[in-house]
Amino acid sequence: MLVKQIYELLEQAELVETLEEYSTQWLNKHKTTASYLIHKNKDLSINVKLNCLNNIKNKIQKANTSPTFNTINPHYLINLQKAEDILTADLKEKFSISL
């Protein structure tokens, strides 16, 4: 499930600690959204995928322009780019949206 896959990448990069944080800061949804989706074995809606992709792209842009980027967790940018690639490919495949 995409909801779990993206969460795990962000968690490895030390960008989230909880599903609640992931839901509110990355999906722009209620704090229980990710837990609910995982529990019900459902995945992200197109709107939530776009929210998450936008948040990921913003973090990548900030990381690339940050003078302290070299002190960041080495998985930070790698995992953000993986998450971006996964979401972009999913949107292209399922909805024919190219970003």
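Quick notes on this structure:
- Per-residue Cβ neighbour counts within 10 Å put Thr33, Thr18 in the sequence Thr18, Thr33, beginning with the fewest.
- Fully extended contour minus Cα-Cα distance, from Ala89 to Thr65, at 0.36 nm per residue: 6.1 nm
- Highest-fluctuation residue, Lys57, Lys29, Lys40 considered, GNM on the chain with Cα pairs under 10 Å: Lys40
- Amide H to amide H, with H built 1.01 Å from N, Val16 comes under 5 Å of Glu11, counting only residues 5 or more places away or on other chains.
- Ranking of Leu19, Leu99 by count of other Cβ atoms within 10 Å, fewest first: Leu99, Leu19
- Using the Karplus relation 6.51 cos²θ - 1.76 cosθ + 1.60 with θ = phi - 60°, the per-residue 3J(HN,Hα) values for region 3-8 come to 4, 6, 4, 5, 4, 5 Hz, with x marking Gly and Pro.
- Relative intensity, log₁₀ I(q)/I(0), of region 2-95 from a Debye sum that treats every alpha carbon as a point, q = 0.12 Å⁻¹: -0.35
- When exposed loop sites are taken as GluC sites (Glu not before Pro) in a DSSP loop with at most 14 other Cβ atoms within 10 Å, the longest stretch of the chain clear of them is 18-99.
- The charge dipole of region 2-95, taken about its Cα centre with unit charges on the Cβ atoms of Lys, Arg (+1), Asp and Glu (-1) only, comes to about 320 debye.
Bear in mind that the values in this text are calculations on the coordinates, not laboratory data. Worth saying up front: this structure is predicted, and the values here are computed from it rather than measured. Note that each Cβ is placed from the backbone with ideal geometry, even for glycine, and that neighbours are counted across all protein chains shown.
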